[in-house]
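Q: Here's a structure for you.
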Amino acid sequence: MTSKIDIASLLCETTHIIQWAISLVPAERVNQPPPHANHPRSDKGFKTYFGDWSALHQVFHLAYYEKSYAIPGIQSFIDEAPPSNDLIFPSSEQETRAFQDALAAGVDLPTLLQSFLDGRELQLQLLTNIPEEVWQKDSLHTGLGDVSAEFIVSKTIQHSLEHANDILKNALYWERALSWLDRQAVD
């Protein structure tokens, strides 16, 4: 069993990792999707490796996930009554529309990052209110089956690390990979 204190510490650490990763992305590239897949010497491995989301989209997704899934999931273990419906993450179409709406409204990185940080702070507050007797009890119905509060928070940590990795790949290897592709001989 992982204690709530240990999990809270890891949740904080992944918050710092996201902040650090995003700080490495040059400002002029924050809202640029990786161009590697469109390079004339690229293969599908580059698109798979770099993905097609900008750093701004990555942060939007993290904040959206936490607002739409993680926080309601944690809250359900504190509330007297479970949610009336299964906890299911919004569809990719819903998220895409929400991201496009945010862009049209002029959202910027500091605003999205603050939204992410606010969501994390709320999760940490909620985490302390989850009764010990339900911490590991699989009592929330989700698209992944019945899960515990420990699962919801652990999934949030995993999800953060996954997107931190994506942000870091783009921050660290964007220019180097394009330079490598430029140097490849044309067969």
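Q: Which length gain, in nm to one decimal place, applies between Gln19 and Leu172 when the Cα-Cα distance is subtracted from 0.36 nm times their residue separation?
A: Length gained between Gln19 and Leu172: 53.6 nm.
Q: Run lengths n ≥ 4 of DSSP H only: what is the helix-derived mean residue ellipticity at 222 nm for the chain, with -39500 (n - 2.57) per run over all residues, to the nearest 500?
A: -19500 deg cm²/dmol
Q: To the nearest 20 Debye, how big is the dipole of the chain about its Cα centre, given +1 on the beta carbon of each Lys and Arg and -1 on that of each Asp and Glu?
A: I would put it at about 660 debye.
Q: Turning to a different aspect of this structure: Given the chain, what count of lysine pairs have C-alpha atoms under 15 Å apart, with each pair 8 or more places apart or on different chains?
A: 4
Q: What angle, in degrees between 0 and 90 and rounded to the nearest 10, separates the Cα long axis of helix 92-104 from the longest principal axis of the Cα atoms of the chain?
A: In the chain, helix 92-104 runs at an angle near 70 degrees to the longest axis.
Q: For region 53-160, report the % of Cα-Cα distances exceeding 16 Å.
A: The proportion of pairs with Cα distances above 16 Å equals 58 percent.
Q: Which value in nm describes the separation of the simple spin-label points at Val134 and Ile5, placed 7 Å from the Cα toward the beta carbon?
A: Going by the 7 Å Cα→Cβ label model, 2.3 nm.
Q: Turning to a different aspect of this structure: Using only the alpha-carbon atoms, how far is helix 109-127 inclined from the longest principal axis of the chain? Give it as 0 to 90 degrees, nearest 10.
A: Helix 109-127 sits at roughly 30 degrees to that axis.
Q: How charged is the neighbourhood of Asp101? Take every other residue with its Cβ under 15 Å from the Cβ of Asp101, and add Lys/Arg as +1 and Asp/Glu as -1.
A: Every neighbour counted, the sum reads -1.
Q: Let me ask something additional. Between the helical axis of 4-23 and the dominant principal axis of the chain, each derived from Cα atoms, what acute angle in degrees is found, rounded to the nearest 10?
A: 20 degrees
Q: The chain: D in µm²/s via Stokes-Einstein (Kirkwood Rh, Cα pairs, 10 °C, 1.306 mPa s)?
A: The diffusion coefficient I find is 88 µm²/s.
Q: Still on this model: Can you check what the net charge comes to around Ala8, using other residues whose Cβ is under 14 Å from the Cβ of Ala8 (Lys, Arg +1; Asp, Glu -1)?
A: -3
Q: Using the Karplus equation 6.51 cos²θ - 1.76 cosθ + 1.60 (θ = phi - 60°), what ³J(HN,Hα) coupling, rounded to whole Hz, does each residue of region 138-146 give in order, writing x for Gly and Pro?
A: Calculated HN-Hα couplings, in order: 6, 10, 10, 7, 9, x, 9, x, 6 Hz.
Q: Counting only other residues whose beta carbon sits under 12 Å from that of Leu178, what net charge do I get with K and R as +1, D and E as -1?
A: Around Leu178, the charge tally is +2.
Coordinate-derived values only; no laboratory data. Quick caveat, the model's predicted, so the values are computed rather than measured. Cβ atoms come from the backbone with ideal geometry, glycine included; neighbour counts cover every protein chain shown.
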